[in-house]
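Colleague: Take this structure first; my questions come after.
The values are calculated or read from the model by the stated rules, or taken from the named source; none is laboratory data. Keep in mind that this is a model prediction, so the values were computed, not measured. As a convention, Cβ positions derive from the backbone with ideal geometry for all residues, glycine included, and neighbour counts pool all protein chains shown.
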Amino acid sequence: MASKPVVLVVGSTGMLGIKIISALLDKGATVVKAMVRPGSDSKKENHQKIEQMKAQGAIIVEADLMKPETMLPICEGVDVVVSAVGNNQETVPGQKNLIDVAKQQGVKRFIPSDYSVDYRKIDYGDNDNLDMRKEVFSYLLQSGLEYTLILNGAFMDNIGTPYTAQLDLDNGVFAYWGDGETLLDFTTTDDTAKYVAEAVSDPDLANTALEVAGEVLSNKQLLAAYEEATGKKLQVKHLGSVAELKAWIEQKRASANSPIEYIPQQYEYVMVSGKGKLDNIQNSRYPHIKPLTVRQYLQQTDL
Ligand SMILES: NC(=O)c1ccc[n+]([C@@H]2O[C@H](COP(=O)([O-])OP(=O)(O)OC[C@H]3O[C@@H](n4cnc5c(N)ncnc54)[C@H](OP(=O)(O)O)[C@@H]3O)[C@@H](O)[C@H]2O)c1
């Protein structure tokens, strides 16, 4: 009997990483290694997650993205690396280290930490966080490693957080830019993790992206879904055109004390401009996955 491919998940204690571990183990087609930072188990917030991953059958391995020598032994014999680290100034060089080590150890496929809109189509400068993904992807291309990108639009779980800027639930306001008709892609984190578990060993996904979406809907449809699912009415404000949103971001960026003052609007920009829209949604590759729609998600969430 052929042995199962070995998948290494980096960022396994993260919000998405631990869901990817569960989805891989539920599918049962791979051996799953969960990379955690040295000493992670002694941190209260990670101890329980590590125990959960062990109980589910994951092999816990310790290494640090910033110390490539620690990743060398744990990448030995690995077929697929799935990165689910957060995107920040540290993890850009960290993921480049991981790509170097994966290449050195003969890893067959690398999945970078994307889980986003199609950042390949947007321009540098459109979104600070997506710029970091573009930089890592460019490095991955140059490495010659086989890759698969996972593109799922915005996480539905962000509805009700500042990252879905149009829904200002604290103030009961739906404030949108653009015409409200442009289509936007949303997927839950649970469903994204299930698609990752399929993508790791799908031979047709070599050097391409798996694009998926739980639901594709416009801002006006998002408002209707919210009001229908929650029974709450929001006050609607039209803030301006897409070009005015871009100008707002540039002005804010020049004076902001922190990127959080404009990053949510940068995500909104890449979505309402249509620049980051997924053009090739392939949910149908895996018909057994029935991703949640926005209404279904909101009906089971207390917002
Ligand atoms: N499309 C969307 O709407 C959307 C929304 C949110 C996130 N995302 C994306 O989803 C991905 C995962 O994000 P997340 O929120 O799940 O991340 P997260 O919760 O911040 O988790 C980050 C993980 O990376 C690990 N890590 C960080 N630095 C490391 C290092 N030097 N060495 C080893 N491990 C390190 C952390 O370990 P520790 O536990 O030890 O810190 C943690 O396990 C990211 O690409 C993010 O941008 C997309």
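Colleague: What do you reckon, is residue 124 modelled with pLDDT of 95 or more and under 24 Å from residue 187 (Cα atoms)? Write out each step before concluding.
Modeller: Details: modelled with pLDDT of 95 or more: yes; under 24 Å from residue 187 (Cα atoms): no.
No: the conditions fail for residue 124.
Colleague: Is there any pair with a first residue in region 248-276 that is of a type in the set (Phe, Trp, Tyr) and a second that is in a loop (DSSP other than H, G, I, E, B) whose Cβ atoms are under 6 Å apart and which are 6 or more apart or on different chains, and what are they?
Modeller: 262/256
Colleague: Among the residues of region 72-96, count how many are in a helix (DSSP H, G or I), surrounded by 16 or more Cβ atoms within 10 Å (Cβ to Cβ) and more than 9 Å from the ligand (Cβ to nearest atom). So that I can check it myself, show each step before the final result.
Modeller: Let us first name the residues in region 72-96 that are in a helix (DSSP H, G or I), namely 72-75, 91-96.
Right, trim to surrounded by 16 or more Cβ atoms within 10 Å (Cβ to Cβ) and you get 74-75, 91-92, 94-96.
Adding the requirement that they be more than 9 Å from the ligand (Cβ to nearest atom) leaves 74-75, 92, 95-96.
Residues in region 72-96 being in a helix (DSSP H, G or I), surrounded by 16 or more Cβ atoms within 10 Å (Cβ to Cβ) and more than 9 Å from the ligand (Cβ to nearest atom): 5 in total.
Colleague: When you check residue 28 against the structure, is it within 14 Å of the ligand (Cβ to nearest atom) and modelled with pLDDT of 95 or more, yes or no? Spell out the reasoning first.
Modeller: Values: within 14 Å of the ligand (Cβ to nearest atom): no; modelled with pLDDT of 95 or more: yes.
Spelling it out, it is not the case that residue 28 is within 14 Å of the ligand (Cβ to nearest atom) and modelled with pLDDT of 95 or more.
Colleague: Further question: Just the residues that are surrounded by fewer than 17 Cβ atoms within 10 Å (Cβ to Cβ) and basic (Lys, Arg), please, taken from region 262-290.
Modeller: The answer is 285, 290.
Colleague: Kindly establish whether residue 295 is more than 18 Å from residue 164 (Cα to Cα), out of contact with any Gly (no Cβ under 8 Å at 6 or more places or on another chain) and part of a helix (DSSP H, G or I). Step through it out loud before you land on a result.
Modeller: On the way: more than 18 Å from residue 164 (Cα to Cα): no; out of contact with any Gly (no Cβ under 8 Å at 6 or more places or on another chain): yes; part of a helix (DSSP H, G or I): yes.
Judged against the criteria, residue 295 is not a match.
Colleague: Of the residues that sit in region 34-50 and are outside any helix (DSSP H, G or I) and near the ligand (Cβ under 8 Å from one of its atoms), which one is surrounded by the most Cβ atoms within 10 Å (Cβ to Cβ)?
Modeller: Filtering region 34-50 down to residues outside any helix (DSSP H, G or I) leaves 34-39, 43.
Checking the rest, the ones that are also near the ligand (Cβ under 8 Å from one of its atoms) come to 35-37, 43.
Working: 35: 30, 36: 23, 37: 17, 43: 13.
Per the stated criteria, the residue is 35.
Yes/no per residue for (1) farther than 24 Å from residue 114 by Cβ; (2) in contact with a Lys or Arg (Cβ under 7 Å, 6 or more places away or on another chain); (3) among the β-branched types (Val, Ile, Thr):
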| site | (1), (2), (3) |
| --- | --- |
| 17 | no, no, no |
| 25 | no, no, no |
| 48 | yes, no, no |
| 56 | yes, no, no |
| 59 | yes, yes, yes |
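Colleague: Sticking with this one: Could you tell me whether residue 64 is within 9 Å of the ligand (Cβ to nearest atom), among the acidic types (Asp, Glu) and surrounded by fewer than 19 Cβ atoms within 10 Å (Cβ to Cβ)? Before you say what the answer is, go through the steps one by one.
Modeller: Working: within 9 Å of the ligand (Cβ to nearest atom): yes; among the acidic types (Asp, Glu): yes; surrounded by fewer than 19 Cβ atoms within 10 Å (Cβ to Cβ): yes.
Yes; evaluated as a whole, the condition is true for this residue.
Colleague: Only residues that are among the charged types (D, E, K, R) and farther than 20 Å from residue 43 by Cβ: list them for region 14-31, please.
Modeller: The initial filter retains those residues of region 14-31 that are among the charged types (D, E, K, R), namely 19, 26-27.
Listed by number, the residues that qualify are 26, 27.
Colleague: Can you tell me which residues in region 97-154 are assigned to a helix (DSSP H, G or I), within 15 Å of the chain's Cα centre (by Cα) and of a type in the set (A, V, I, L, M)?
Modeller: Within region 97-154, 130, 132, 136 qualify.
Colleague: Still on this model: Considering region 156-190 alone, what residues qualify as being away from the ligand (no atom under 12 Å from the Cβ) and among the acidic types (Asp, Glu)?
Modeller: 168, 170, 179, 181, 190, listed by residue number.
Colleague: Scan region 237-280 for residues that are closer than 20 Å to residue 179 by Cβ, outside any helix (DSSP H, G or I) and over 19 Å from the mean Cα position of the chain (by Cα) and jot them down.
Modeller: Residues satisfying the conditions are 237, 238, 239, 240, 241, 273.
Colleague: When region 123-138 is examined, which residues are found to be over 22 Å from residue 249 (Cβ atoms) and either near the ligand (Cβ under 9 Å from one of its atoms) or surrounded by fewer than 17 Cβ atoms within 10 Å (Cβ to Cβ) (or both)? Break it down into steps so the answer makes sense when it comes.
Modeller: The initial filter retains those residues of region 123-138 that are over 22 Å from residue 249 (Cβ atoms), namely 136-138.
Selection gives 138 alone.
Colleague: Which one is nearest to residue 186 (Cα to Cα) among residues in region 140-155 that are in contact (Cβ under 8 Å) with a residue 40 or more places away in the chain and more than 15 Å from the ligand (Cβ to nearest atom)?
Modeller: Initial filter on region 140-155 (in contact (Cβ under 8 Å) with a residue 40 or more places away in the chain): 140, 143-155.
Right, trim to more than 15 Å from the ligand (Cβ to nearest atom) and you get 143-146.
Numbers: 143: 31, 144: 31, 145: 29, 146: 27 Å.
Restricting to residues being in contact (Cβ under 8 Å) with a residue 40 or more places away in the chain and more than 15 Å from the ligand (Cβ to nearest atom), the top hit is 146.
Colleague: Same structure, new question: Inspect all residues belonging to region 3-10 and state whether any of them is in contact with a Cys (Cβ under 9 Å, 6 or more places away or on another chain), more than 9 Å from the ligand (Cβ to nearest atom) and closer than 25 Å to residue 155 by Cα.
Modeller: Step one: of region 3-10, the residues in contact with a Cys (Cβ under 9 Å, 6 or more places away or on another chain) are 8.
When the remaining residues are screened for being more than 9 Å from the ligand (Cβ to nearest atom), the result is 8.
Those left that are additionally closer than 25 Å to residue 155 by Cα: 8.
Looking for residues that are in contact with a Cys (Cβ under 9 Å, 6 or more places away or on another chain), more than 9 Å from the ligand (Cβ to nearest atom) and closer than 25 Å to residue 155 by Cα, one finds at least one in region 3-10, hence yes.
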